[in-house]
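Novice: Let me give you the structure first, and then I'll get to my questions.
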Amino acid sequence: MSNQDIESVISFYNNADNQARLKTFQSAVLAFFINHPELNKAPFPVIHSVKTRLKDPEHVKDKIIRKLEKDEIIITEDNLFKEVTDLIGIRILHLHQEQFSKIHASILSYINQGDWALVEAPKAYTWDPEYQSLYRNLGIEPEIKETYYTSVHYVVKPNNNNPNPICCEIQVRTLFEEIWGEIDHTINYPHPTESIACKEQIRVLAKLVSTGTRLADSIFRSHREHSENSGKLYNHN
């Protein structure tokens with residue numbers, strides 16, 4: 001695949017009509033999470049915040065080259081949207097892990113209603129045995145990344161028969177995991193750092209983040225139990 005061919009694909013990606021298509025689906029997925037009544041119920045919504053982006057053209061170009069080198073897949077205008085499934089990215093952040101099951105159920109419900117279709121099975125990236133068990137119980141098979149990256153990914157598309165469909169990657173993670181992800185992304189994307197010290201420190205940070213997430217889970221669990229017990233005591237009196 002020549003540089004001219006790659007530039008042609010990038011030009012296709014930047015085409016005004018295609019950017020409009022991408023932004024339309026991006027807005028639709030974003031609206032689902034922002035407007036979902038159960039996930040945004042006051043006073044303590046399940047979703048803390050939402051982030052979104054369209055992939056930068058230079059990052060698209062870099063990904064096309066990496067896919068070509070790694071998988072021997074030639075990206076063309078006819079398969080760009082099908083093969084590069086994270087052109088649209090939406091990140092859902094929540095405070096503690098008990099909230100994840102509600103987010104997961106809401107996504108699957110919307111898919112089952114026929115509005116979206118899954119491009120592939122959801123992926124849960126975690127090295128923590130306790131969270132591996134949590135994801136397996138929800139029907140998601142966990143995977144371990146060398147860097148200890150933690151997040152759950154869904155790739156969805158409009159529920160139609162388009163052979164080159166617009167796709168959106170939805171990432172769901174805690175705020176603690178987001179801190180780790182932002183640091184890792186800065187030094188490891190799109191090309192991994194060659195610093196051995198940085199790689200080791202990133203793995204240590206992942207364990208600290210896991211500890212923070214576990215502590216947040218414990219705090220909210222204790223708060224709920226205290227509230228329930230206080231309510232029982234009040235009713236008894």
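Novice: With the condition kept exactly as written, say whether any residue in the stretch 224-234 is under 30 Å from residue 24 (Cα atoms) and among the small types (Gly, Ala, Ser).
Specialist: No, the stretch 224-234 has no match at all.
Novice: Something else now. Among (1) part of a loop (DSSP other than H, G, I, E, B); (2) in contact (Cβ under 8 Å) with a residue 40 or more places away in the chain, which single condition is residue 178 missing?
Specialist: Residue 178 satisfies all of (1) part of a loop (DSSP other than H, G, I, E, B); (2) in contact (Cβ under 8 Å) with a residue 40 or more places away in the chain except (1).
Novice: Pick out the one residue from 183, 196, 202 that is of a type outside the set (Lys, Arg), closer than 24 Å to residue 51 by Cβ, out of contact with any Ser or Thr (no Cβ under 7 Å at 6 or more places or on another chain) and modelled with pLDDT of 90 or more.
Specialist: 183
Novice: Continuing with the same structure: Between 150, 193, which is polar (S, T, N, Q) and without any contact (Cβ under 8 Å) to a residue 12 or more places away in the chain?
Specialist: That would be 193, the only listed residue that is polar (S, T, N, Q) and without any contact (Cβ under 8 Å) to a residue 12 or more places away in the chain.
Novice: Turning to a different aspect of this structure: Which residues, taken from the stretch 99-123, are in contact (Cβ under 8 Å) with a residue 24 or more places away in the chain and farther than 18 Å from residue 165 by Cβ?
Specialist: Scanning the stretch 99-123 gives 99, 100, 101, 102, 103, 104, 106, 123.
Novice: Does the stretch 102-125 contain at least one residue that is within 24 Å of residue 200 (Cα to Cα) and in contact with a helix residue (DSSP H, G or I) (Cβ under 8 Å, 6 or more places away or on another chain)?
Specialist: yes
Novice: Right, something else. Got a sec? Which of 158, 163 is touching a Lys or Arg at 6+ places or on another chain (Cβ under 8 Å), surrounded by fewer than 19 Cβ atoms within 10 Å (Cβ to Cβ) and under 30 Å from residue 12 (Cβ atoms)?
Specialist: Unique residue meeting the criteria: 163.
Novice: Just to verify a result, which residue in the stretch 134-146, among those that are of a type outside the set (D, E, K, R) and surrounded by fewer than 17 Cβ atoms within 10 Å (Cβ to Cβ), is farthest from residue 76 (Cα to Cα)?
Specialist: 137
Novice: Among the residues that make up the stretch 221-228, is at least one of them touching a helix residue (DSSP H, G or I) at 6+ places or on another chain (Cβ under 7 Å) and at pLDDT 90 or above?
Specialist: Looking for residues that are touching a helix residue (DSSP H, G or I) at 6+ places or on another chain (Cβ under 7 Å) and at pLDDT 90 or above, one finds none in the stretch 221-228, hence no.
Novice: Could you list, in sequence order, all residues of the stretch 54-70 that are over 19 Å from residue 165 (Cβ atoms) and not in a loop (DSSP other than H, G, I, E, B)?
Specialist: Once the filter is applied, which keeps residues that are over 19 Å from residue 165 (Cβ atoms) and not in a loop (DSSP other than H, G, I, E, B), the stretch 54-70 yields 57, 58, 59, 61, 62, 65, 66, 68, 69, 70.
Novice: Can you pull out the residues in the stretch 111-127 that are buried (at least 19 other Cβ atoms within 10 Å of the Cβ) and assigned to a loop (DSSP other than H, G, I, E, B)?
Specialist: Matches in the stretch 111-127: 122, 126, 127.
Novice: Ok, one more. If you take the residues in the stretch 101-122 that are within 21 Å of residue 87 (Cα to Cα) and charged (D, E, K, R), which one is nearest to the chain's Cα centre (by Cα)?
Specialist: Restricting to residues being within 21 Å of residue 87 (Cα to Cα) and charged (D, E, K, R), the top hit is 120.
Novice: Taking residue 42 as meeting all but one of (1) more than 15 Å from residue 78 (Cα to Cα); (2) assigned to a helix (DSSP H, G or I), write down the number of the exception.
Specialist: (2)
The values are calculated or read from the model by the stated rules, or taken from the named source; none is laboratory data. Small disclaimer: the values here were computed from a predicted structure and weren't measured. Please note: Cβ atoms are built from the backbone with ideal geometry, for glycine as well, and neighbour counts cover all protein chains shown.
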